[in-house]
Amino acid sequence: MEIPYTVSARRDTGLWNAKVGIWLFLASEVMLFGGLFSAYIFLRLDAAPGDWPHGLLNVPVGTMNTAILIASSVTVVLAWAALKMRDLTKYRIYMAITILCGVTFLVVKLAYEWPQKFDHFGAFIKEGALEKYEPYLGNKHLLEEGLPPRKEITGHLHNKEALKDPNVKEYEIALDPVYADPTNRKMDRPHFWPVPATDKIATIEKSDVKYATMFLPKHSSYFASYFTITGLHGAHVLGGVLVFCYMLLPASTRIYRHNPEHLANRVEVAGLFWHFVDLVWIFVFPLFYLL
Amino acid sequence: MVGATLLAFTAITVALSYVNFGTQKANVAVALLVATFKAGLVAAIFMHLSAEKRLIYRVLIFTGFFVLGLFWLTYLAWYDPIHR
Amino acid sequence: MDATTHPHGTPETHHHDEHGDEHHELGFWRKYVFSTDHKVIGIQYGISGLLFLFFGFCLMMMMRWQLAYPGQAMPVIGNALNHFFGTGSMPDGKMTPEFYNSLGAMHGTIMIFLGVVPLAFAAFGNFVVPLQIGAPDMTFPKVNAASYWAFVVGGIIMLVSFFVPGGAAKGGWTSYTPLGVIADTGPNFNPFFNGQTLWLVGFIFLITSSLLGAINFITTIIQLRAPGLTWMRLPFFVWAQFVTAFLLLLAFPPLEAAIVMQTMDRLASTSFFLPSGLVVNGAALQVSGGGSPLLWQHLFWFLGHPEVYVLILPAMGIVAEILANNSRKPLWGYKSLVFAALVLGFLSFIVWAHHMWLTGMGSAVSAFFQTTTLIISIPSVIILSAFFISLWGGSIRFTVPMLFATAFLPMFGIGGLTGIPLAFNSADLYLHDTYYVIAHFHYIVAPGTIFGLFAGIYYWFPKATGRMMNDFWGKVHFWPSFICMNVIFLPMFLQGMLGMHRRWYDGGQGWNVSGEHIWGLTGFQWNTPISIAAWVMGLAQIPFIINFFHSIWKGRKVENDNPWDATTLEWTAPSPPGHGNFIKAPVAYRGPYEYSVPRHGRDYTMQNEPIEASELTTAHPTREPVLRA
């Protein structure tokens, strides 16, 4: 006996096997990202005012990446439609564009966004020393406006050896624009286009610092959740890209020659997974980049 | 065409994030509303969910219920500690 | 449609020819090792599960020595164990506290995730479900194989964790943070190859395996039911596996997310679960802080609670089949059983915080969870009651499967009823983390689920091998096991009520509440009879092990494909079934438990027997006093 309903639908459910399978898998993925999002929610709600950073991520790049992913969702639907209309060449073209978009997304994230973060430095100032660094933090001005205080000074670390060497007693930071001009009202909220960097350098004593590190997962709950969620999301993007590549290989063409509906179903199922990945990103983007 | 709508709404999301709606809660609510709308479009049209069979709906409704349960009940536990 | 399709319009058969694995023999590796056949995979899961159960049992027997005779060298094998597990575990044959904690954590993890779930869900499910629904295999055979091998990788990682510097995980099977994050770190430990981290990594593989399996089961049950096999004609076993699969599918992922986060905490120094201001060994921890240990507990128990229903439901399914078969009458209340199982599955997602009563939750959320926890006892009671009532008026024959299945009923009853005090936040304030809890859940899993699994093994052994297991030795296995189970776990309720904690490595010797005695012995003194019973129970498993392996080759051959005179579809297939199971798809005409149908020649009617004309008046028993001609 052969396994039925691999391509044609079963009458009472109206579905073929892989479609049921992929939706079940997506249900479990909803729960997986739900677990991660619940962690994000509670870490954020638990953070004291001012402890959750804003404006540390590059919004234009993030917007572009969002657009790329949305475009790839469009092209994968077009690829599937081409298959249903038995146009193999068009299918190949659209699938290739989809893969290209996916790869671009990953490259932008892993080769540009993440390394940019790893290269950035932040030092959390101890409560008692906040007054001392007021020229950089501008908290008096913020308190007048009813905004949460700043507790961290960020920028590019000039003396990287300070991280490891206990004999070096201070950090030299090329300040981020907001700390160079903290009382400027324009600096109160994040900007869309990144503000050009200044040359202002600040020296911060290690003894005034509660905790200092590059923008790594261990920097704060914010970056921990950012890197974990985008990392896991990126792994899913990579998985999707690999599956799509397989759908362009000769093995898949052979399936097409034999039974084109079978390949169309496989592409549809992979496409569903891809749309889900896009869907997750639609939520990740505002939660981390914008809010 | 749906794609163009999604791209347009992405731009809207970004633009709206620079508008202050009063409280932080309101900002979050607006952003999530737009995101939900976009996600709804992807689900309904790209994933063909609007034409999907009953069985799939049932699975997803239960999933949605449980994930919202996870969020809501954990939130409830958080904000109802034994000492105030 | 493509012009090259088969005249029936089923392109899949044509496609299958392309692969040709129907037409030429598979090599040894593809046939017996990396097989995609659900029966082979089921047996692989079964043997693996039994091996892990045995290993977990041995860990427990070691723990019981320490509990009864704390600080004393273990006779005969003490030094050998020290060499086996690595020096530092049992110097001079005496167990260290750290090693005791490892045994405790790994006993729990191995028994649940490497023993019971693979055996109850994956092994029995894989072997029996496609046969019971008249399907040739699972819908996704390759995914099925992938699921098994992911399980093997996870299991190997867990086993390897015993032999890395520092030994296996010690943070309990629940791996609560911050301990779960800071344990096994420091100069004596490898940054990656330490017990606690390997526990996390192995778990990811196990979760992946369960998710793939769950997808397969659900799709198979929905899509591959034979013609005529409507939902309400399914054997209860299939319903139980269906609900179990949903529990695994939706409850495991949040734990997977949490495990990823705890791994990040351990390897990338994040603070998902570490609060600010932690001081470890006198030095402030160099992390960002701001995390929450409570978050881990929520995410863990979100799985943890549905997990316990994963442990019990397949066993309930097995017991249902065996009770009907050995009382020669239909199950009472089939519809109630099905709805109870569905409601149980649903409610199991919204009760989890009853494992967290002592975390300082307020009255609103506590009231919510207490209510849902009490409500969830109702479907369990319905199921147990239906089982009891099913026996009433039956022609009961005490075959070995039936012995285990009937023993299940009161044992699960005790386990379930003793859970009720734990559902109350107030009572649990005292009972939490005591031996009372251990007794409660072991009554459900050990003389509950595991007896159900034994019953299933004796019952379906002839289908899988074509031979019967030895009846006499089955009874020799049963009686001591049953008695020992009660001698082990009943006193634990008493110990718990005295206040004895569940993770004390010295068995409560160092703590004695005013020398209180219960039933003549102090809490600590009760450890001795319990341990002796545990070791005797170990001995009682030897007849089973020998019987099992001996019968595979030398057991009494069955005379026909249906040695138990059962009604469900798996008994229409050959013993053992060939590849593809059925020559052509069976058609189901009846419900699953048509035993003792009146005015029918035999006392059982199989599901695929067509309805005869004469039956149209007798298929549903009437109450007419006049006999029809």
| note | Two pseudo-spin positions, 7 Å from Cα along C-beta at A:R92 and at A:L291, lie apart in nanometres by 4.5 nm
| message | Placing unit charges on C-beta atoms (Lys and Arg positive, Asp and Glu negative, everything else neutral), compute the dipole magnitude of the protein assembly as shown about its Cα centre in debye, rounded to 20. | response | 1240 debye
| note | From highest to lowest solvent-accessible area (probe 1.4 Å; ligands, DNA and RNA excluded), C:K31, A:K206 read C:K31, A:K206
| task | Between A:M95, A:M214, A:M64, find the one with the highest GNM mean-square fluctuation for chain A; connect C-alpha pairs within less than 10 Å. | result | A:M64
| field | region C:78-131 - accessible surface per residue (Å², probe 1.4 Å) | value | 27 Å²
| said: Can you find, among A:L24, C:A341, C:T406, the residue sitting farthest towards the positive end of the charge dipole of the protein assembly as shown, where Lys and Arg contribute +1 and Asp and Glu -1 at Cβ? | reply: C:T406
| task | Just grab the label-to-label distance for C:T371 and C:F84, each label 7 Å out from Cα along the Cβ direction, in nm (one decimal). | result | 5.2 nm
| Where a Cα-Cα gap under 24 Å defines reach, which lysines qualify for A:K186, not counting those fewer than 8 residues away within the same chain? | A:K117, A:K132, A:K140, A:K151, A:K200, B:K25
| Under the definition of partner shielding as Cβ atoms of other protein chains within 10 Å of a residue Cβ, what is the mean value for peptide A:61-71? | 3
| query | Based on DSSP H runs of at least 4 residues, each adding -39500 (n - 2.57), what is the mean residue ellipticity at 222 nm of chain C after dividing by all its residues, to the nearest 500 deg cm²/dmol? | reply | -18500 deg cm²/dmol
| task | Measure out, as a whole number of angstrom, how far apart the alpha-carbon centroids of region C:404-463 and region C:221-237 sit. | result | 29 Å
| request: With a 1.4 Å probe and all protein chains in place, put A:H219, C:H107, A:H191 in order of accessible area, largest first. | output: A:H191, C:H107, A:H219
| remark: Largest-first ranking of A:W16, C:W553, C:W332 by accessible area, probe 1.4 Å, whole protein assembly kept, is C:W553, C:W332, A:W16
| field | Listed residue (C:W199, C:L179, C:G282) projecting farthest to the positive dipole end of the protein assembly as shown, Cβ model | value | C:W199
| field | chain C - percent relative contact order, Cα under 8 Å, separation 6 or more | value | 14 percent
| message | Compute the distance from the alpha-carbon center of region C:511-567 to that of region C:326-379, in whole Å. | response | 29 Å
| query | In whole Å, what are the Cα extents of region C:388-474 along the three principal axes, biggest one first? | reply | 53, 30, 19
| remark: Farthest towards the positive end of the dipole of region C:17-151, among C:F54, C:G78, C:W149 and with Cβ unit charges of +1 on Lys and Arg and -1 on Asp and Glu, lies the Cα of C:G78
| query | When the helix-only estimate is applied to chain B (DSSP H runs of n ≥ 4, each -39,500 (n - 2.57), divided by the residue count), what is the mean residue ellipticity at 222 nm, nearest 500 deg cm²/dmol? | reply | -24000 deg cm²/dmol
| request: Using label points projected 7 Å from each Cα along Cα→Cβ, tell me how many nm separate A:N167 and C:T359, to one decimal. | output: 4.8 nm
| message | Taking the full set of protein chains and a 1.4 angstrom probe, give the accessible area of C:F441 in square angstrom, rounded to the nearest 10. | response | 70 Å²
| request: With all protein chains present, calculate the accessible area of C:M606 using a 1.4 Å probe and round the result to the nearest 10 Å². | output: 20 Å²
| task | Starting from the coordinates of the alpha-carbon atoms of region A:19-59, obtain the Kirkwood hydrodynamic radius over all distinct pairs and give the value in Å to one decimal. | result | 12.6 Å
| said: For region A:5-61 and region C:260-314, what is the centre-to-centre distance using only Cα atoms, to the nearest Å? | reply: 21 Å
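Counting helices only, and only those DSSP H runs with n ≥ 4, report the 222 nm mean residue ellipticity of chain A as the sum of -39,500 (n - 2.57) divided by its residues, in deg cm²/dmol to the nearest 500.
So the calculated ellipticity at 222 nm is -17500 deg cm²/dmol.
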| remark: Once normalised by the length of region C:332-453, the mean sequence separation of its alpha carbon contacts under 8 Å that are 6 or more apart gives a contact order in percent of 29 percent
| task | Compare A:W80, A:W193, A:W274 in a GNM of chain A, Cα atoms joined below 10 Å, and give the one with the largest fluctuation. | result | A:W193
| task | Express in nm, to one decimal, how much length is gained between C:A73 and C:V587 on full extension, taking 0.36 nm for each residue of separation and deducting their alpha carbon distance. | result | 178.7 nm
| note | Given A:220-229, C:337-346, A:249-258, the highest-first ranking by average Cβ count within 10 Å works out to A:220-229, C:337-346, A:249-258
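From the C-alpha gyration tensor of the protein assembly as shown, pull out the three semi-axes of the equivalent ellipsoid (sqrt of 5λ each), sorted largest to smallest, in whole Å. Before the final figure, lay out the partial values.
Working: eigenvalues 518, 307, 124 Å².
Sorted largest first and rounded, they come to 51, 39, 25 Å.
From Cα pairs below 8 angstrom and at least 6 apart in sequence, can you work out the relative contact order of chain A, rounded to a whole percent? Write down the numbers at each step before the final one.
Numbers: 335 pairs, mean separation 73.6, N = 291.
Relative contact order here is 25 percent.
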| remark: Classified through the alpha carbon gyration tensor (a ≥ b ≥ c as square roots of its eigenvalues; rounded if a/c is under 1.5, else prolate when a/b is larger than b/c, else oblate), chain B comes out oblate
| remark: Whole-Hz Karplus couplings 3J(HN,Hα) for region B:64-72, θ = phi - 60° and coefficients 6.51, -1.76, 1.60, Gly and Pro as x, run x, 4, 5, 5, 5, x, 4, 5, 5
| request: List nothing, just return the count: lysine pairs in chain C, 8 or more apart or interchain, with Cα separation under 14 Å. | output: 5
| message | Within chain C, which is the longest segment that contains none of the GluC sites (Glu not before Pro) sitting in a DSSP loop with at most 13 other Cβ atoms within 10 Å? | response | C:26-515
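The values are calculated or read from the model by the stated rules, or taken from the named source; none is laboratory data. Keep in mind that this is a model prediction, so the values were computed, not measured. Methodologically, a virtual Cβ is constructed for each residue, glycine included, from the backbone with ideal geometry; neighbour enumeration extends over all protein chains shown. With ligands, DNA and RNA removed, areas are computed over all heavy atoms of the protein, side chains included. Shrake-Rupley method; radii C 1.70, N 1.55, O 1.52, S 1.80 Å.
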